[in-house]
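Colleague: Questions regarding the structure given below will be posed in turn.
The values are calculated or read from the model by the stated rules, or taken from the named source; none is laboratory data. Source: prediction; values computed, not measured. When we count neighbours, we look across all protein chains shown, and the Cβ atoms used for this are built from the backbone with ideal geometry, even at glycine. Just the protein is used for accessible areas: all its heavy atoms, side chains included, with ligands, DNA and RNA removed. Shrake-Rupley method; radii C 1.70, N 1.55, O 1.52, S 1.80 Å.
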Amino acid sequence: MKKTVYYVTPFVIVPVLMLLLEFLDDNMLRMSPYVLGGLLFLASAVIGNLTPTHKSFDCIMTAIMPLSLFCLMFVVGLVDGDPGPAFDLQKAFEVAFAPMALVLYFIMAITTFFASFRGHRITKKAKA
């Protein structure tokens, strides 16, 4: 159960982070690709570092982190509020495969992969 919750958390954390950035963009901080990339980089590093697996690297989470952003971008493109069709599949694929999104997917995957390395991740020590 603990691992299941861990592997589902990116599908919650990434949309919440993006909504927070959208809120801050309207009120305090101007959103830029650097701020967005930096926060996604940080989230990927934290998630990768807290992996419960006993393997050297957590390859599942390496695939899940960019997948969560891809799903969010696809849904945002699908239900975009522009005048026209309610669900535009062409627009959804354009948003999900935008060049900046592809860079973010790659950065998230690499960061999660190297942050999940057993040699430097945070692990609980067994009590003697």
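Colleague: Taking only protein heavy atoms into account and a 1.4 Å probe, give the accessible area per residue of the stretch 1-94 in Å². Spell out each step's value before the answer.
Modeller: Working: 5940 Å² over 94 residues.
Ligands and nucleic acids excluded, the figure is 63 Å² per residue.
Colleague: Cα axis of helix 59-78 to longest principal axis of the chain: angle in degrees, 0 to 90, nearest 10?
Modeller: Here the helix axis deviates by roughly 10 degrees.
Colleague: Would you compute, from DSSP H runs of 4+ residues alone, the mean residue ellipticity of the chain at 222 nm, taking -39500 (n - 2.57) per run and dividing by the full residue count, rounded to the nearest 500? Before the final figure, lay out the partial values.
Modeller: Working: 6 runs with 87 residues, N = 128.
Per the formula, -22000 deg cm²/dmol.
Colleague: Next question. So, R0 is 25 Å and r is the distance between the beta-carbons of Ser32 and Phe11; what FRET efficiency does that work out to, to 0.05?
Modeller: On the way: r = 25 Å, r/R0 = 0.99.
It comes out at approximately 0.50.
Colleague: Pairs on different chains or at least eight residues apart, Cα atoms closer than 23 Å: how many lysine pairs in the chain fit?
Modeller: Lysine pairs meeting both conditions in the chain amount to 11.
Colleague: Return the whole-Å distance between the Cα centroid of the stretch 1-44 and the Cα centroid of the stretch 91-109.
Modeller: Result: 15 Å between the Cα centres.
Colleague: Over 19 Å, how big is the tail of the calculated P(r) for the chain, in percent of all Cα pairs?
Modeller: The proportion of pairs with Cα distances above 19 Å equals 53 percent.
Colleague: In degrees from 0 to 90, rounded to the nearest 10, what is the angle of the helix 99-115 Cα long axis to the longest principal axis of the chain?
Modeller: The angle comes out near 10 degrees.
Colleague: How much FRET efficiency would the formula 1/(1 + (r/R0)^6) give for Ile110 and Thr4, where r is the Cβ-Cβ distance and R0 is 22 Å, rounded to 0.05?
Modeller: Plugging the Cβ-Cβ distance into 1/(1 + (r/R0)^6) gives 0.35.
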